[in-house]
Amino acid sequence: MKKNNINSGWCIIIYGFSGSGKTTTSKKIKNKIESLLGKTIILDGDNVRGFFSKIGLKFGYTLSENNKTVIPKLELLNLILRQNINIIYPTIFLNKLAIEKFTKGIDNLIKIYIKCDIKDIIKYGFKKEIYKKKNVVGVDIKPVYPKNPHVTIVNDFKNDLSFLSNEMLKKTKKILKKN
């Protein structure tokens, strides 16, 4: 994959349902991505939401409230990317508006999808409490999936997240070698 803008960092969005392993795999690949690409940070979707809340932008979890977060998140990501800092961004990202805006609005974007069944997440007890709430993507809010992710990793909970992280890293390296 060729870098579209040499003056901007890479944004690696790792997306999927809550509890699918996005944050954990991000942490596991971060140092290796940094050794490949240079300065890299993890900007977790939950932490971004917390940041906006602290500065007075409180967003809820309904589809319309999620849509209101798209442009502020995009602007924050681009502010960092323009400093030629790479971002690993674990987030749900199963939202039509987010997919459209991020795909058009981020120059050097790699989309990694962690495919996971919500029933498996609940069965294995990961993030079980979140699935008892309202406005959960995949339960109350219909997910919209980005077309043609650059990398797809299946988490069926038969392999540990270290194994999945290694698979993710191998596939991501192949994409970056094309650069």
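Quick notes on this structure:
- Of the residues making up region 109-119, none is touching a residue at least 40 places away in the same chain (Cβ under 8 Å), in a loop (DSSP other than H, G, I, E, B) and over 24 Å from LEU169 (Cα atoms).
- Residues satisfying the stated conditions in region 29-68, i.e. in contact (Cβ under 8 Å) with a residue 40 or more places away in the chain, assigned to a loop (DSSP other than H, G, I, E, B) and not acidic (Asp, Glu): GLY38, LYS39, LEU43, GLY60, TYR61, THR62
- Considering residues of region 86-101 that are in contact with a helix residue (DSSP H, G or I) (Cβ under 6 Å, 6 or more places away or on another chain) and surrounded by fewer than 19 Cβ atoms within 10 Å (Cβ to Cβ) only, the residue farthest from GLY19 (Cα to Cα): LYS101
- Residues of region 143-162 that turn out to be exposed (fewer than 13 other Cβ atoms within 10 Å of the Cβ) and at negative phi, as a count: 5
- From the list ILE80, ILE130, ILE114, the one residue that fits, being more than 18 Å from THR23 (Cα to Cα) and aliphatic (A, V, I, L, M), is ILE80.
- Pick from region 37-80, criterion small (Gly, Ala, Ser) and surrounded by fewer than 14 Cβ atoms within 10 Å (Cβ to Cβ), ranking: farthest from THR103 (Cα to Cα): GLY56
- Some residue of region 139-157 being part of a helix (DSSP H, G or I) and under 18 Å from the mean Cα position of the chain (by Cα): no
- Qualifying positions in region 52-67 - touching a Pro at 6+ places or on another chain (Cβ under 7 Å) and either at pLDDT below 90 or under 8 Å from ASN135 (Cβ atoms) (or both): LEU57
- Close contacts from region 1-17, counting a first residue that is touching a residue at least 60 places away in the same chain (Cβ under 8 Å) and surrounded by 15 or more Cβ atoms within 10 Å (Cβ to Cβ) and a second that is hydrophobic (A, V, I, L, M, F, W, C) and part of a loop (DSSP other than H, G, I, E, B), with Cβ to Cβ under 6 Å and a gap of 6+ residues or different chains, come to GLY9/ILE85; CYS11/ILE106; ILE13/PHE93; TYR15/PHE93; GLY16/CYS116; PHE17/CYS116.
- The residues listed here are LYS111, LYS170, LYS104; of these, the one that is surrounded by 18 or more Cβ atoms within 10 Å (Cβ to Cβ) and modelled with pLDDT of 95 or more is LYS111.
- Hits in region 1-25 - residues which are touching a Leu at 6+ places or on another chain (Cβ under 9 Å) and among the hydroxyl-bearing types (Ser, Thr, Tyr): SER8, TYR15, THR24, THR25
- The single condition among (1) of a type in the set (A, V, I, L, M); (2) under 24 Å from ILE141 (Cα atoms); (3) over 12 Å from the mean Cα position of the chain (by Cα) that ILE106 does not satisfy is (2).
- With respect to the conditions (1) part of a loop (DSSP other than H, G, I, E, B); (2) of a type outside the set (D, E, K, R); (3) crowded, with 16+ Cβ neighbours inside 10 Å, GLN83 lacks only one, and its number is (3).
The values are calculated or read from the model by the stated rules, or taken from the named source; none is laboratory data. Note that this is a predicted model, so its numbers are computed, not measured. Glycine also receives a Cβ, built like all others from the backbone with ideal geometry; neighbour counts cover every protein chain displayed.
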